[in-house]
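Values quoted throughout were computed directly from the atomic coordinates according to the rules given, and no laboratory measurement underlies them. Because the structure is predicted, anything quoted here is derived from the model rather than measured. Please note: Cβ atoms are built from the backbone with ideal geometry, for glycine as well, and neighbour counts cover all protein chains shown.
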Amino acid sequence: MTRILVVDDEANIRLLYSQELADEGYEVVTAASAAEATEKLRENDFQLMVLDIKLKNESGLDLLKEVVKERQQMPVILCSAFSYYKEDFSAWLADSYVVKSSDLQELKDEIRHVLAKRAPRPQSGA
Amino acid sequence: MDWKCCWSRNEITADECIGVAAGEESLLHAQRRRITEKCLDCPRFRDDMERAAAEGNPLAELAAHLRGEYLAQREQLQSIAGFLDTQTREITFLHELSLVLQTSMDLDEVLSVALTAITAGKGFGMNRAFLLMVDKDRRYLQGYLGVGPRNAEEAWHTWQEIDHSNLSLREMATHFHRNKLATERMKFREVLDNLVVFLNDEDHIFNRAMRSRKAMLVEDAFTNPDLDPELAVLLGVDRFLLMPLISGNRRIGLIIADNCITHKPITPHDMQSMEIFAFPVAFALVRASLYERLQEEVQKLTAANAKLREQQELIVRMEKMALMGKITSSIAHSIRNPLLVIGGFARSLLRNVGGDDPKRVSLESIVSEAKQLERVLEEVLNYSDSLYPVRDWWDVTQLVDYVCQELAEPLAQHRIRCDFIPEERIPHAFVDYKQTTYCVRTVLHTAMARSREGGTIRIALRHEGDWITLEIADNGPSMSDAERDALLMPFATTQQLGGSVGMPLCRVMLEKQGCALEIDKPPGGGALFLIHLPAIQEEV
């Protein structure tokens, strides 16, 4: 089962994402801060991370830099209430950028799209 | 002795003296006055004196001598009185002239006064005068104005007119300034255009006259070796006067005056009077020129001041908008997350509720309201995101066409026709494509919301100079000034459209790009939205 790490400082959002993505057939693990996320990343393998940018006193973009450096195989989708971070160079390191909305369809579509892109290509039968 | 003349009698009757005319009856009783005024010129008195001499009267010879001396003295006295009279008239004229020159700040008025004074019979009585002025860069002397008749017929007509009008110098100058200045300028255009002399051409007679700082009489102009023969041909006279206009050490100009019609000689006295006259004229010309330049500078300063005030107002408005943008952005973000949670869970619950469950309606309401709030938040956030446009060259015709196609469906739903008529060859505009598309879409939405069902929205694209103007006209109700202002103020509510940031956001976005949004109220009703886009690249 595809395991997704959701990082957001809002408990209700974590809960919502967990339920919605679980309904889509993913195994969802959540983290409320960058430190907690780093710990979870050490403990488990994840196929994808959904990362909020504004995390109380931290920046999701700093965590993104670390993740990109250490876990190049794992795609990251930035999910923020702020659309202007799209213009931030650091945000370009992520595989995708989704502006938060009560309609999670766009997020779900992006997750599918990114996972499909990152999935290993089937070996040709030589 | 029986005297024929009445000189010896104290009182006489009118028929006793042939010299006393009607109106001079007081002389009949004034013997001494009668003798000096009448008898000394009377043939009867001369006869009496001759007869007395013939009879050996020794006083007769003395009387003849005294009579001769007296007449000579009287003639001299009359000559002096005539001279004094001329001088008085000249002083009065110069006084009147200087009063006019002192009070006038208008260059053309000063010139009108000066040239009228030279050519009017009440002034110097010259037939014609030309004024040459030194240019602003002080490189050359150029013909500026000419006054006078072109031929004898015109001269006769003009002088008759002046005689009958009996105007004072000032009145004549005012009349000339108001009614004749432009035509006189045109009349002598050809002569004036050819009267150009460089100030560094030191040998030219005009420059020599200015160096001498005195009036100069030029005679035998057609044969004078010191003179350019073309000048004599141009003026068409053999004799003329050059009067330099100097103020301090500054060369102001030169007056050429002549008697091209009457050919009356120009006397040393004329030249002397002209020299006296030249000083106040030169002074008045300098002052009028300075005043004119001062006015120009004042106008420039006034325009700069107005521009500055406009910029200040713009900055204040932008600052208010920016502050409002920051506040709204902050509030919007604080609302977004809770809204996401409410709407998100409502959607989640809705998926698991059956079609006949009574909770479904409530959940659908939550989802719908959350969606509406998110749309408003998106607008608010766009408002604060509009700070840094990325401008490039874009085809506006294509842009507008794209927006029209995008809105085809809602327009059709409201049975509103949209006529887009672009001018041919509209150049590309230097704008942020995304923001401009948003603005055109928003304005079109507004026009649609205002339009009556079955109405038409007319869109035109015009190019003029450095600007491309997009006109969007709806057929909605007429708009008051307050409604129009409210439409451009964030969250101000209008009766028809409700509170929104769409249009104010458009204005901010367009202004940031060096564009402009205007709302006009056509006399026939409806609203006309004008978006001005730059067709040239400029610093913003």
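Write down the radius of gyration of the range B:14-88 and its Dmax, each obtained from C-alpha positions, in Å.
15.2, 50
Rounded to whole Å, give me the distance from the Cα center of the range B:384-457 to that of the range A:89-112.
For the range B:384-457 versus the range A:89-112, the Cα centre distance is 29 Å.
Report the extension gain between B:Glu369 and B:His269 in nm, rounded to one decimal, defined as 0.36 nm multiplied by the number of residues separating them, less their alpha carbon distance.
That pair, B:Glu369 and B:His269, stretches by 25.8 nm at full extension.
Could you name the lysines in cross-link range of B:Lys38, using Cα to Cα under 17 Å and dropping any fewer than eight places away on the same chain?
B:Lys4
Using alpha carbon centroids, what distance separates the range B:92-113 and the range A:31-64, in Å?
Taking the Cα centre of each part, the range B:92-113 and the range A:31-64 sit 90 Å apart.
Counting other C-beta atoms within 10 Å, which of B:Ile342, A:Ile53 has the fewest, and how do the rest follow?
So the ranking, lowest neighbour count to highest, is B:Ile342, A:Ile53.
Mind pulling up the Rg/Rh value for the range B:1-144? Radius of gyration and Kirkwood radius, both on Cα.
Rounded to two decimals, Rg over Rh is 1.35.
Under 5 Å between amide H atoms, partner at least 5 residues away or on a different chain: which partners does B:Thr456 have, H built in plane at 1.01 Å?
B:Arg417, B:Asn475
Straight distance only, please: which lysines reach the Cα of B:Lys214 with their own Cα at less than 27 Å, same-chain residues fewer than 8 apart left out?
List returned: B:Lys122, B:Lys136, B:Lys264.
Rule-of-thumb check for the range B:90-292: C-alpha Rg over 2.2 N^0.38 Å?
Rg over 2.2 N^0.38 Å, computed on Cα atoms: 0.95.
Aspartates and glutamates within cross-link reach of A:Lys56: Cα-Cα under 16 Å, excluding same-chain residues under 8 positions apart?
Once the sequence-local aspartates and glutamates are set aside, what remains near A:Lys56 is A:Asp8, A:Asp9, A:Glu10, A:Glu36.
Mind pulling the per residue volume of the convex hull built on the Cα atoms of chain B? Å³ is fine.
In chain B, the Cα hull volume divided by residue count equals 301 Å³.
Pop out the ³J(HN,Hα) list for the range B:100-115 in order, Karplus 6.51 cos²θ - 1.76 cosθ + 1.60 with θ = phi - 60°, rounded to Hz; leave Gly and Pro as x.
Karplus values, whole Hz, x for Gly and Pro: 5, 5, 5, 9, 9, 10, 8, 4, 5, 5, 4, 5, 4, 4, 4, 6.
Compute the FRET efficiency between B:Leu62 and B:Thr88 as 1/(1 + (r/R0)^6), taking r as their Cβ-Cβ distance and R0 = 45 Å, and round to the nearest 0.05.
Numbers: r = 38 Å, r/R0 = 0.84.
After rounding to 0.05, the efficiency reads 0.75.
Kindly provide the helix-only [θ] at 222 nm of chain B, computed as the sum of -39,500 (n - 2.57) over DSSP H runs of four or more divided by all residues, to the nearest 500 deg cm²/dmol? Let's see the in-between values first.
Working: 17 runs with 291 residues, N = 540.
Here the helix-only value at 222 nm equals -18000 deg cm²/dmol.
Using the basic label-point model (7 angstrom from Cα toward the beta carbon), what is the B:Asn352 to A:Ala11 distance in nanometres?
Result for the modelled spin labels: 1.9 nm.
Principal axes first, then extents: for the Cα atoms of the protein assembly as shown, list largest minus smallest coordinate on each axis, whole Å, largest first.
If we take the Cα atoms of the protein assembly as shown, the spans are 172, 57, 47 Å.
What relative contact order, as a whole-number percentage, does the range B:198-330 give when Cα pairs under 8 Å and 6 or more residues apart are counted?
18
Can you tell me the orientation of helix B:152-165 relative to chain B, as the angle in degrees between its alpha-carbon axis and the longest Cα principal axis, to the nearest 10?
Between the helix axis and the principal axis of chain B, the angle is about 90 degrees.
Mind listing the long-range amide H neighbours of A:Leu55? Cut-off is under 5 Å, sequence gap 5 or more, other chains count too, H placed in the peptide plane at 1.01 Å from N.
HN-HN under 5 Å from A:Leu55: A:Gly60.
Looking at the calculated P(r) for the range B:164-252, what percent of the C-alpha pair distances fall above 20 Å?
52
Please give the charge dipole size of chain B, origin at the Cα centre, charges +1 on K and R Cβ atoms and -1 on D and E Cβ atoms. Round to the nearest 20 debye. Numbers along the way, then the final one.
Numbers: 61 positive and 79 negative charges, 365 e Å.
It comes to approximately 1760 debye.
List B:Lys214, A:Lys100 from most exposed to least, where exposure is judged by having the fewest other Cβ atoms within 10 Å. Show your work: numbers first, answer last.
On the way: B:Lys214 16, A:Lys100 24.
Ranking B:Lys214, A:Lys100 by Cβ neighbours within 10 Å, fewest first, gives B:Lys214, A:Lys100.
Based only on the alpha carbon positions, what is the Kirkwood hydrodynamic radius of chain A, in angstrom? Intermediate values should be presented prior to the final figure.
Details: mean 1/r = 0.0680 Å⁻¹.
The answer is 14.7 Å.
What are the semi-axes of the equivalent ellipsoid of the range B:389-534, taken as the square roots of 5 times the eigenvalues of the Cα gyration tensor, listed largest first and rounded to whole Å?
Details: eigenvalues 102, 65, 39 Å².
Semi-axes, largest first: 23, 18, 14 Å.
Report the full-extension gain for the segment B:Ile315 to B:Arg178: residue separation times 0.36 nm, less the Cα-Cα distance, to one decimal in nm.
Answer, rounded to one decimal: 44.7 nm.
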